[in-house]
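The values are calculated or read from the model by the stated rules, or taken from the named source; none is laboratory data. Please read all numbers here as calculations on a predicted model, not as lab measurements. Every residue, glycine as well, gets a Cβ built from its backbone with ideal geometry; the counts of neighbours run over all protein chains shown. Heads up: the accessible areas ignore ligands, DNA and RNA and are worked out on the full protein's heavy atoms, side chains in. Shrake-Rupley method; radii C 1.70, N 1.55, O 1.52, S 1.80 Å.
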Amino acid sequence: MGLSDPTPEGRFGEFGGRFVPETLVPACQALEEAFTEAWGDPAFRAELDGLLADYAGRPSPVTECPTLSEELGLRLLLKREDLNHTGSHKINNVLGQALLARRMGRKRLLAETGAGQHGVATATAAALLGMECCVYMGEVDVRRQELNVFRMRLLGAEVRTAMSGSRTLKDAINEAMRDWVATVETSYYCLGSVMGPHPYPFMVRTFQEVIGNEARLQCQELLGGVPDIVCASVGGGSNAMGIFSGFVDTDAELVGVEPAGGAAVGRGVPGVVHGSASYLMQDEFGQVLEAESISAGLDYPGVGPEHSHLAATGRARYESVTDDEVVEAFQLLSRTEGIIPALEPAHALAWVSRERRSLAGRSVLLNLSGRGDKDVAQMMEILS
């Protein structure tokens with residue numbers, strides 16, 4: 001089966017939809033219409049493709065890992081989203097949404113961020129297109145991602161600290177959505193993952209499909225076909241949906257890797273959060289549980305509705321790893337291949353490393369969704 005478009009109501013099977021305050025329903029409908037029209041416009045697609053190539057640096061390469069492959073007893077390939085401008089896959093989606101915002105006449109970009117990569121990418125696009133930018137970030141994440149906070153401010157963005165709840169990504173989204181409700185006529189909410197109310201999950205996946213499309217062709221050249229396993233970390237899930245999109249209609253096994261403290265698919269039950277129905281960590285009273293992860297970018301109690309659908313139908317499976325395993329994987333890739341990964345994709349590598357015996361002799365394509373510069377200070381503290 002290939003990836004399917006959502007129903008007119010924005011559903012992937014039983015998941016998705018549009019659960020927003022009445023004031024935002026027209027905004028979501030206008031966004032859906034604008035996106036559909038833009039995506040069908042060759043001029044819009046050409047401008048986006050041009051920016052992805054000449055500004056973001058696409059296509060990103062697929063890198064063989066000979067030393068680590070030998071150590072693990074399998075063939076490991078990395079899709080190098082860490083080499084994009086701003087250091088992660090986030091720029092793919094943000095450039096598309098920023099062009100869409102400009103097309104809709106909006107002059108202010110709103111964003112939420114956990115690890116800061118989406119915030120940096122949004123601030124970058126705003127600077128490029130001459131727009132205002134306001135990024136919400138939880139107080140806990142502001143502390144552990146100081147470098148990215150400075151980068152956003154350097155790029156001209158206002159960074160607002162979310163002080164409520166767990167003071168992490170979930171709360172930053174809450175604050176950004178409140179701002180959007182209040183400024184819906186002038187602001188464009190640039191959501192960073194395949195979550196939120198329809199059309200965001202579908203739209204963000206569409207902008208991230210460039211990862212899977214490239215990887216499919218690159219694997220054809222390197223492997224003569226598709227890899228046995230396609231693996232990526234999952235928080236909200238945009239980097240995983242991006243790479244899964246290129247292989248969902250093949251025999252490749254799709255594996256999403258969640259943090260043990262935030263495993264929405266592994267530990268959650270269906271519920272509604274931030275505008276859509278998906279698997280969600282909640283207690284018996286329906287209260288959202290706090291997610292915990294060493295990675296600010298995966299510190300989220302829910303997951304995108306399309307991931308929920310892939311899990312429910314059995315097309316993809318979702319595993320979890322501990323913080324200790326992630327720290328080990330972070331060092332492993334750095335030591336063997338000279339590539340320092342972000343803590344987010346280090347989750348995917350931690351699973352591959354742990355499962356090396358069952359994966360022996362197989363080919364594994366891993367989406368290296370970000371580079372580790374932003375995490376080095378945090379890792380220095382952990383490893384000292």
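Here is how the numbers come out for the structure above:
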quantity: Any hit, the range 4-18, residues being within 20 Å of the chain's Cα centre (by Cα) and under 17 Å from N213 (Cβ atoms); calculated: yes
quantity: Residue count for the range 51-78, restricted to those that are open to solvent by 30 Å² or more (accessible area, probe 1.4 Å) and under 15 Å from V94 (Cβ atoms); calculated: 3
quantity: Residues (in a loop (DSSP other than H, G, I, E, B) and surrounded by fewer than 16 Cβ atoms within 10 Å (Cβ to Cβ)) located in the range 323-344; calculated: G338
quantity: Hits in the range 235-281 - residues which are assigned to a strand (DSSP E or B) and among the aliphatic types (A, V, I, L, M); calculated: L254, V255, V257, V269, V272, V273, A277, L280
quantity: Members of the range 150-165 found to be in a helix (DSSP H, G or I) and open to solvent by 60 Å² or more (accessible area, probe 1.4 Å), listed by number; calculated: F150, R151, R153, L154
quantity: Answer residue from the range 1-33, given it is closer than 22 Å to S245 by Cβ and part of a helix (DSSP H, G or I) and is most open to solvent (accessible area, probe 1.4 Å) among those; calculated: E32
quantity: Selection count where residues are within 19 Å of V234 (Cβ to Cβ) and open to solvent by less than 10 Å² (accessible area, probe 1.4 Å), scope the range 196-212; calculated: 10
quantity: All positions within the range 94-110 that are without any contact (Cβ under 8 Å) to a residue 60 or more places away in the chain and either in a loop (DSSP other than H, G, I, E, B) or polar (S, T, N, Q) (or both); calculated: G105
quantity: Residue that is farthest from V94 (Cα to Cα), among those in the range 139-155 that are in contact with a helix residue (DSSP H, G or I) (Cβ under 6 Å, 6 or more places away or on another chain) and in contact (Cβ under 8 Å) with a residue 60 or more places away in the chain; calculated: R144
quantity: Pick from the range 264-290, criterion open to solvent by 10 Å² or more (accessible area, probe 1.4 Å) and either touching a helix residue (DSSP H, G or I) at 6+ places or on another chain (Cβ under 6 Å) or within 17 Å of S233 (Cβ to Cβ) (or both), ranking: modelled with the highest pLDDT; calculated: Y279
quantity: Complete set of residues in the range 94-125 that are open to solvent by 30 Å² or more (accessible area, probe 1.4 Å) and charged (D, E, K, R); calculated: R102, R103, R106, K107, R108
quantity: Hits in the range 47-85 (condition: farther than 30 Å from A98 by Cβ, part of a helix (DSSP H, G or I) and not small (G, A, S)); calculated: P66, T67, L68, E70, E71, L72
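Okay, residues lined up against (1) open to solvent by 10 Å² or more (accessible area, probe 1.4 Å); (2) modelled with pLDDT under 95; (3) of a type outside the set (G, A, S); (4) in a loop (DSSP other than H, G, I, E, B):
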{"site": "N92", "(1), (2), (3), (4)": "no, no, yes, no"}
{"site": "A127", "(1), (2), (3), (4)": "yes, no, no, no"}
{"site": "V135", "(1), (2), (3), (4)": "no, no, yes, no"}
{"site": "D141", "(1), (2), (3), (4)": "no, yes, yes, no"}
{"site": "R167", "(1), (2), (3), (4)": "yes, yes, yes, yes"}
{"site": "E175", "(1), (2), (3), (4)": "yes, yes, yes, no"}
